[in-house]
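Visitor: Right, I'll just put the structure down here and ask away after.
The values are calculated or read from the model by the stated rules, or taken from the named source; none is laboratory data. The structure presented is a predicted model; accordingly, all values stated were derived computationally and were not measured. Cβ atoms come from the backbone with ideal geometry, glycine included; neighbour counts cover every protein chain shown. Areas reflect the complete protein model, heavy atoms only, side chains present, ligands, DNA and RNA absent. Shrake-Rupley method; radii C 1.70, N 1.55, O 1.52, S 1.80 Å.
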Amino acid sequence: MLKMAVFNTKPYTKQFFGRANERFGHELVFFKERLTDQTVGRAAGFDAVCIFVNDTADAPVLTRLKELGVRLLALRCAGFNHVDLEAAETLGLSVVRVPAYSPHAVAEHTLGLILALNRRIHRAHQRIREGNFSLDGLMGFDLHGTPVGIIGTGKIGTEVARILHGFGCELYAYDVEPNDQCRQLGVQYVSLDDIYKTCLIITLHCPLMPQTHHMIDAKAIDKMQDCVMLINTSRGALVDTQAVIGGLKTQRIGYLGLDVYEEEGDLFFDDLSDEIIQDDVFARLLMFPNVVVTGHQAFFTHNAVSAIAETTLDNLSKFEQGQCQNALSCGLHVVSEA
Ligand code: NAI
């Protein structure tokens, strides 16, 4: 049995981890606070620390964790752009993650954004509540036959391709490693420029890395079709938000669907409804009628959250047995799986 501090806990974290842990029997202590340089001291006496997408895991925090005797950092998410892996390697601190829990959850939410934006469901809902049954401004387009570009065809991008194939879309993709599953669905792999030039919907499913930071910038937007729909359910900083606001103003971007935002750390996952939003860029985004933003909830299904808890606790058990399962960095000698 290992002792794990679970940071950044919400009621659903406790519920799903508590239930899954009946099988694993580890000692879990839940902290509401995010892991930061201010809260890291709470990790004293724990073998492992569990964090989510918006906790801090930079070199100073990792160094402090190591000093406190923590041996394992368990990410309860797939993305790891917020973790200084180089520092973890140097410190000999093991880092594990949940590489796949439900590509369906994120892919289906992506479709939710596409359909809501296209058929203006967010606007229609507001209107009907006010007794306005006019259809002016609500006209959409058939997804059938629409050219869609998928950037990143890993687990989630491939699932998006599968769903859009069912809608009868014309599918294009860009990935540094194309896959046959997508090709079999009729996806044509093309250059990024060809995606920008051809597609009326562009959806992002690649990881955030130095090479992909702000890949959607003013230059990329200039190459896109007029009135393009841009969807980002991957990581906020793939998109240069200021450039996208420029594109919305000129109407080069006709629809924007975001589940992630580059400065989401100060906003998402908390109830700020009684506070004044200080982020003017985010506030500007919310003023556009053709923008739908959700607060990083694409992963949030029963199935996915339950799989996240199971895999995280299984990673912890394997670590106890001397294995680094789903490892990004392994302070142990045996690596069973990359
Ligand atoms: P994955 O690792 O299966 O797929 C990523 C794909 O991106 C791979 O095919 C890879 O070759 C490709 N890629 C890498 N560099 C690229 C580049 N420069 N240009 C184009 N493609 C590139 O990852 P998965 O599971 O499909 O997740 C994708 C992203 O979705 C994650 O990185 C994560 O940030 C995000 N995500 C968001 C969630 C949410 O709740 N909004 C939940 C889970 C993941």
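Visitor: For Cα pairs less than 8 Å apart in space and 6+ apart in sequence, what is the mean separation divided by the residue count of segment 103-293, i.e. the relative contact order in percent? Kindly include the intermediate steps, with their values, before the conclusion.
Guide: Numbers: 325 pairs, mean separation 36.2, N = 191.
Relative contact order, segment 103-293: 19 percent.
Visitor: How big, in percent, is the set of alpha carbon pairs in segment 103-293 lying more than 32 Å apart? Before the final figure, lay out the partial values.
Guide: Working: 2386 of 18145 pairs.
So the portion of pairs separated by more than 32 Å is 13 percent.
Visitor: A further question on this structure: Of Gly112, Val70, Pro210, which is farthest along the charge dipole of the chain in the positive direction, counting Lys and Arg as +1 and Asp and Glu as -1 at C-beta?
Guide: Farthest towards the positive pole: Gly112.
Visitor: Just give me a number: lysine pairs in segment 103-293, eight or more positions apart or cross-chain, with C-alpha atoms less than 24 Å apart. Show your work: numbers first, answer last.
Guide: Numbers: Lys197/Lys219; Lys197/Lys223; Lys197/Lys249; Lys219/Lys249; Lys223/Lys249.
Count of close lysine pairs: 5.
Visitor: Between Arg71 and residues 5 or more places away or on another chain, which pairs have amide H atoms under 5 Å apart, with H built 1.01 Å from N, and which residues are they?
Guide: The list, which skips near neighbours in sequence, is Ala48.
Visitor: Roughly how many debye, to the nearest 20, is the charge dipole of the chain about its Cα centre, given +1 on each Lys and Arg Cβ, -1 on each Asp and Glu Cβ, and no other charges? If you can, show how the numbers build up before the last one.
Guide: Working: 29 positive and 41 negative charges, 132 e Å.
Computed about the Cα centre, the dipole is about 640 debye.
Visitor: Turning to a different aspect of this structure: Write down the accessible area per residue of the chain in Å², having rolled a 1.4 Å probe over the full set of protein chains. Please report the intermediate quantities before stating the final value.
Guide: Values: 16000 Å² over 338 residues.
I get 47 Å² per residue for the chain.
Visitor: Another question, then. Restricting to DSSP loop positions (anything but H, G, I, E, B) with no more than 10 other Cβ atoms inside 10 Å of their own Cβ, which GluC sites (Glu not before Pro) remain in segment 251-338? List each step's numbers first, then the result.
Guide: Details: sites: Glu262, Glu263, Glu264, Glu275, Glu310, Glu320, Glu337; in loops: Glu262, Glu263, Glu275, Glu337.
Listed in order of number, the matching sites are Glu275.
Visitor: Could you go through segment 45-60 in sequence order and give the Karplus-derived ³J(HN,Hα) for each residue, using 6.51 cos²θ - 1.76 cosθ + 1.60 with θ = phi - 60°, rounded to whole Hz, and x for Gly and Pro?
Guide: x, 9, 6, 9, 10, 10, 10, 10, 6, 10, 8, 9, 9, 8, 4, x
Visitor: Now, a different point. How many angstrom lie between the Cα centre of segment 1-20 and the Cα centre of segment 72-138?
Guide: If we compute the Cα centre of each part, the gap is 21 Å.
Visitor: Of the accessible area of the chain, with the probe set at 1.4 angstrom, what percent is carbon plus sulfur? Show your work: numbers first, answer last.
Guide: Details: 8100 of 16000 Å².
Ligands and nucleic acids excluded, carbon and sulfur give 51 percent.
Visitor: Determine ³J(HN,Hα), in whole Hz, for all residues of segment 145-157 in sequence, where each value follows from phi through the Karplus function 6.51 cos²θ - 1.76 cosθ + 1.60 and θ = phi - 60°; x replaces Gly and Pro.
Guide: Residue by residue, segment 145-157 yields x, 6, x, 10, x, 10, 9, x, 10, x, 4, 6, x Hz.
Visitor: Measure nothing but the geometry: give the 0 to 90° angle between the long axis through the Cα atoms of 11-24 and the longest principal axis through the Cα atoms of the chain, rounded to 10°.
Guide: 50 degrees
Visitor: To continue, here is another question. Please report the orientation-averaged projected area of segment 174-277, defined via the convex hull of its C-alpha atoms, in nm².
Guide: Numbers: hull surface 31.3 nm².
Projected area, direction-averaged: 7.8 nm².
Visitor: Another one. In the chain, what percentage of the DSSP-assigned beta bridges are antiparallel, given to the nearest 5? Could the numbers behind the result be given before it?
Guide: Values: 2 of 41 bridges.
Given both bridge residues lie in the chain, the antiparallel proportion sits at roughly 5 percent.
Visitor: Would you mind listing how long the chain runs along its three principal axes, going by Cα atoms, in whole Å with the largest first?
Guide: Projected onto the principal axes, the Cα atoms of the chain cover 61, 49, 36 Å.
Visitor: Tell me the trypsin sites (Lys or Arg not before Pro) within segment 90-120 that lie in a loop according to DSSP and have at most 15 other beta-carbon atoms within 10 Å. Mind showing how you got there, number by number?
Guide: Numbers: sites: Arg97, Arg119, Arg120; in loops: Arg97, Arg119, Arg120.
Those satisfying the criteria are Arg119.
Visitor: If you check each cysteine of the chain for another cysteine whose beta-carbon is under 4.7 Å away, which ones come up empty?
Guide: Cys50, Cys77, Cys169, Cys182, Cys199, Cys206, Cys227
Visitor: Please give the charge dipole size of segment 61-159, origin at the Cα centre, charges +1 on K and R Cβ atoms and -1 on D and E Cβ atoms. Round to the nearest 20 debye.
Guide: 280 debye
Visitor: Could you derive backbone 3J(HN,Hα) for segment 305-322 from the dihedral phi with the Karplus parameters 6.51, -1.76 and 1.60 (θ = phi - 60°), listing whole Hz in sequence and x where the residue is Gly or Pro?
Guide: 5, 5, 5, 4, 5, 4, 5, 4, 6, 5, 4, 5, 5, 5, 4, 4, 8, x
Visitor: So if R0 is 30 Å, what FRET efficiency would Leu135 and Ala283 give, r being the distance between their Cβ atoms, rounded to the nearest 0.05?
Guide: Working: r = 29 Å, r/R0 = 0.98.
Efficiency computed from Cβ-Cβ geometry: 0.55.
Visitor: If contacts are Cα pairs under 8 angstrom and at least 6 residues apart, what is the relative contact order of the chain in percent? Can you show the working numbers first?
Guide: Working: 651 pairs, mean separation 61.4, N = 338.
Dividing the mean separation by the residue count of the chain yields 18 percent.
Visitor: According to a simple spin-label model (label point 7 Å from Cα along Cα-to-Cβ), what is the distance in nm between Gln126 and Asp194?
Guide: 4.0 nm
Visitor: Distance between the C-alpha centers of segment 294-311 and segment 256-289? Whole Å please.
Guide: 21 Å
Visitor: Contour minus end-to-end for Glu89 and Glu33, with contour as 0.36 nm per residue of separation and end-to-end as the Cα-Cα distance?
Guide: 17.6 nm
Visitor: Amide H neighbours of Gln188 under 5 Å, counting only residues 5+ apart in sequence or on other chains, H built in-plane at 1.01 Å?
Guide: Amide H neighbours of Gln188, under 5 Å, 5+ apart: Leu171, Tyr172, Ala173.
Visitor: As a check on your grasp of the helix formula, calculate [θ] at 222 nm for the chain: sum -39500 (n - 2.57) over DSSP H runs of n ≥ 4, divide by the residue count, round to the nearest 500.
Guide: Numbers: 12 runs with 121 residues, N = 338.
Result for the chain, helices only: -10500 deg cm²/dmol.
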